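Structure record follows, encoded as structure tokens.
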Amino acid sequence: MLKKYETLKKIGENKIVAIVRVDDAEKAEKCFDALKEGGINVIEMTFTIPYAHTMLERLSKKYGESVIVGAGTVLDSETARIAMLSGARFIVSPSFNEGVAKICNRYAVPYFCGVNTPTEAITAMEAGVDVVKLFPANNFKPSIVKDLRGPFPTIEIMPTGGVNLTTIKEWIKAGVFACGVGGELVNGYKTGDYASITEAAKKFIKEIQE
């Protein structure tokens, strides 16, 4: 099992967290396979998927150390603990939750929580949150990174929500920890076109490497 600092290091190196939010577990697994084939090795599965904990355990065992599998849309500490026991190596929430922060700190699992204001950002940082998820990112410009690093020089930021092939390079140049990308990557599942997910993943990886 990867230790906390190793997990964060690998996510920071990859620069992209793929978000799988689909309507059933079988589609989720196909999305994971397609994303990995396209070169993405950090994938978040949201807990809006039925039987998410069962699929999380299955995929964690299936990929082992080759993919860092995380749990998303974690709204409370109970869900966070279930996710950890099912193999989640990082926890993501759309907003800050003190209970989730405490349990992630207790078990040394990285916690990324959604923020929208400087007040929310400092509240999360004081609670030991590792990375703040700027959400929804399409409400901001990449210059927000420099603005936040003025008063908060140690803040780590992951923009999520609206990040696409055009903007991901701008966010990375601005100095973000990583970018969360969902629909732009996995929308092909709606028509069963998983090959398009692999192609989209390759395009995002290319942009990041450039």
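In the chain, the calculated helix contribution to ellipticity at 222 nm averages -13000 deg cm²/dmol per residue, counting -39,500 (n - 2.57) for every DSSP H run with n ≥ 4. Backbone phi angles across the range 136-151, fed through the Karplus curve with coefficients 6.51, -1.76 and 1.60 (θ = phi - 60°), yield HN-Hα couplings of x, 5, 6, 8, 10, 10, x, 5, 4, 4, 5, 4, 6, 6, x, x Hz in residue order; Gly and Pro are listed as x.
Selection among I205, A137, A121 by position relative to the dipole of the range 75-209 gives I205 as farthest towards the positive end (Cβ unit charges, Cα centre). Just how far, in whole angstrom, is the range 112-189 from the range 27-92 if you go by their alpha carbon centroids? Answer, in whole Å: 20.
The longest part of the chain holding none of the exposed loop chymotrypsin sites (Phe, Trp or Tyr not before Pro), meaning those outside H, G, I, E and B in DSSP with at most 13 other Cβ atoms within 10 Å, is 108-210.
With every protein chain left in place, what is the accessible area per residue of the chain in square angstrom, probe 1.4 Å? Kindly include the intermediate steps, with their values, before the conclusion.
Numbers: 9640 Å² over 210 residues.
With all protein chains present, the chain gives 46 Å² per residue.
Report the full-extension gain for the segment K61 to A195: residue separation times 0.36 nm, less the Cα-Cα distance, to one decimal in nm.
On the way: separation 134, 0.36 × 134 = 48.24 nm, distance 2.35 nm.
Length gained between K61 and A195: 45.9 nm.
In this simple spin-label approximation, E98 and K3 carry label points 7 Å from Cα along the Cα→Cβ vector, and these lie 3.1 nm apart. Pop out the carbon and sulfur fraction of the accessible area of the range 50-170 as a percent, whole number, probe 1.4 Å. C and S fraction of accessible area: 55 percent.
The values are calculated or read from the model by the stated rules, or taken from the named source; none is laboratory data. Everything numeric in this text was worked out from a predicted model, so none of it was measured. Neighbour counts run over all protein chains shown; Cβ positions are idealised from the backbone, glycine included. For accessibility, only protein heavy atoms count, side chains too; no ligands or nucleic acids. Shrake-Rupley method; radii C 1.70, N 1.55, O 1.52, S 1.80 Å.
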